[in-house]
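Any read-out appearing in this document is the output of simple, stated calculations on the displayed coordinates, not a laboratory observation. Bear in mind the structure is a predicted one, so any value in this text is a computation, not a measurement. Here the Cβ is made from the backbone with ideal geometry for all residues, glycine too, and neighbour counts use every protein chain on show.
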Amino acid sequence: MVKGNTVVKEYPKSEIDQLSDLMDEYGEEIKRLAYTYTKNWQQAEDITQEIFISAFNHLNDFREQSTIKTWIYRIAINKCKDYVRSWHYTKTLLTNTFYQKSNSLSPEEEYLESEQKEQISKLILQLPIKYREVIILYYFKEFSLEEIAVALDSNLNTVKSRLRRAKKNLETKMDGEGGDYIG
Amino acid sequence: MDKMLKEMKDDFENYLNEDKVFTEQEKRKIMNQVRYSSAENKKQMYFPKVISSITLVSLCALIVFLVLNFTDAGEKSQPADLHKEKTVVKKDPVKKEDPVKTLPKYSDKEISDKVNFLQSNIVMGMTEKEVIAILGNEYKEIDNSDSESGSVKQIGYNFLVSDPADQLKISHEIAVESIHNREIGVQFYIGFSDQSEVLWTTINFAEGDSVLMVSKGMNGRGIEKIYPDSNSEVIRFTLTSEEEIIYQKFLQDLDEKHLKDVNPISIAKLYVQAQLDKRYDAVYALLTDREGYVQWTKEEDEKIPETDRGTIMQTLITFNNIDTGSFIPDGDYGGYIEYEASKDADAKSGFKMIKDEDGIWNVAFMPIQ
């Protein structure tokens with residue numbers, strides 16, 4: 001069985017079985033990751049499908065220099081970025097976020113919205129992708145900075161400075177929202 | 001901040017969705033797709049072998065046929081052969097020799113290139129002589145008597161014509177069907193003033209299943225779907241004359257100084273127009289450069305393939321009615337245009353704008369969200 005941070009020595013199973021294992025292990029988190037880029041579950045589903053098909057087609061390309069987790073995340077991040085730059089995303093589809101914005105909220109919903117962590121989660125999803133992804137990978141997907149550099153095909157110093165800026169950006173947004181956050 | 005973020009992993013995941021999002025059904029769907037693709041690939045691998053066998057068999061058959069035919073020709077000198085006469089009677093030599101009119105069809109890419117060429121090279125105020133020097137003499141003068149646009153003369157060109165007989169088949173009625181069938185790629189009409197200068201132009205062409213009309217005049221420009229007819233709503237996009245002037249100045253040098261004091265809706269319209277004109281350098285230049293909001297570089301933008309840029313119809317449908325939308329400020333330097341792209345849509349559309357540090361409104365990266 002494939003495990004998150006262990007280096008996979010060999011894959012004795014058939015390719016279809018390997019794909020099945022990959023989806024059991026990463027299906028849930030990859031679809032959630034895709035959602036953080038698209039903010040739309042239908043698009044996240046379509047991209048997740050593409051990600052695993054691409055992973056299946058490139059199973060033989062997997063090298064042991066990285067973990068299987070970094071490898072599948074790298075494929076996922078590239079697919080997500082291709083998608084958000086494509087016409088389908090940039091021009092045609094309204095995301096769930098906008099629907100939320102255009103609806104007027106009931107007092108109860110307002111109260112829920114104001115819950116601190118929920119509010120921060122919302123602000124994270126509003127960050128530009130380059131900041132959003134490092135925060136999510138580092139804090140919520142538990143990647144090391146080195147793993148993020150591999151997954152994003154970037155160098156370590158860029159990742160470090162991006163993470164710093166991402167946090168600063170988030171703080172600015174939190175101040176803008178008038179929240180009293182515990183730092 | 002660090003501590004708080006580290007502690008909120010589960011909260012963040014719950015915020016996304018409290019339930020499991022990747023279902024067994026999705027997994028099965030992917031597995032089926034992969035199995036299907038693998039089967040298809042195998043078929044493709046097998047195909048060349050089958051082709052080789054078929055080719056070999058065909059070659060043998062051809063040799064046998066030629067040998068038999070040669071023998072048959074030798075028999076022609078022999079007396080009456082009833083079997084052959086019957087065969088001749090059954091055939092319809094006239095039908096057989098009737099030439100089949102196969103019209104070459106021009107691709108959407110060729111048509112689109114021609115439209116772009118006309119849009120960029122034939123401009124208002126150009127003289128008739130200059131127009132003819134660029135487009136050639138194969139035009140037809142069209143009855144201008146009922147013109148309401150102030151022109152004193154109109155001419156029309158057909159471009160990318162499949163059948164040479166259609167070259168000058170042009171009247172004041174647009175050949176919608178021929179354009180739709182790509183028998184005529186582009187119909188181009190020009191109206192001249194009493195000074196023999198271009199007063200207006202109209203380009204008619206097909207894209208996908210639609211026929212579009214791009215018109216330019218002194219009062220601005222517009223693009224409209226003219227076929228198929230839609231009773232429910234008109235799909236049209238226009239720039240006012242003021243916006244057209246700003247747009248033309250901006251295209252010259254892509255300098256944002258031309259956008260100073262222009263309202264966000266007009267800026268959004270320039271973005272749409274640049275998208276329609278496939279002026280992707282202008283599209284990018286209209287995106288925000290506010291720190292922290294730039295999502296990809298100009299170099300990366302240039303690498304976006306044409307297929308991901310969207311067609312004219314997609315652009316028209318997406319931004320339909322943006323000019324009648326309302327701008328809703330959101331925060332110190334943000335806001336969005338709320339508009340109703342279609343009466344049938346479940347919700348209104350939103351187009352995000354950002355005010356840059358210099359006070360000029362720009363379009364947000366991925367504006368529709």
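Here are a few things to note about the model shown:
- Listed from fewest to most Cβ neighbours within 10 Å, the set B:V123, B:V262, B:V214 follows the order B:V123, B:V262, B:V214.
- Estimated FRET transfer efficiency (B:M124, B:S145; beta-carbon r; R0 22 Å; 0.05): 0.45
- Stretchable slack from B:L254 to B:A165, in nm (0.36 nm times residue separation minus alpha-carbon distance): 27.7 nm
- Two-site FRET efficiency, B:D281 against B:D10, from Cβ-Cβ distance with R₀ of 56 Å, rounded to 0.05: 0.80
- Our summary gives the range B:169-253 a relative contact order of 18 percent, counting only alpha carbon pairs under 8 angstrom and 6 or more residues apart.
- Kirkwood-type radius of the range A:121-166, with distances r between different C-alpha atoms, in Å: 10.3 Å
- Order of B:H180, B:H172 under a 10 Å beta carbon neighbour criterion, fewest first: B:H172, B:H180
- Temperature 37 °C, viscosity 0.692 mPa s: under these conditions the Stokes-Einstein estimate for the range B:242-363, based on its Kirkwood radius over C-alpha pairs, is 219 µm² per second.
- The length gained on full extension between B:D356 and B:N17, counted as 0.36 nm times the residue separation minus their Cα-Cα distance, comes to 118.6 nm.
- Taking A:T172, B:T202 and counting other C-beta atoms within 10 Å, the order from fewest to most: A:T172, B:T202
- For the pair B:E306 and B:E242, a Förster radius of 35 Å applied to the C-beta separation gives a FRET efficiency near 0.70, rounded to the nearest 0.05.
- Over the range B:102-173, equivalent-ellipsoid semi-axes from the Cα gyration tensor in Å: 23, 17, 11
- In the range B:108-229, the alpha-carbon atoms span a convex hull of 101 Å³ per residue.
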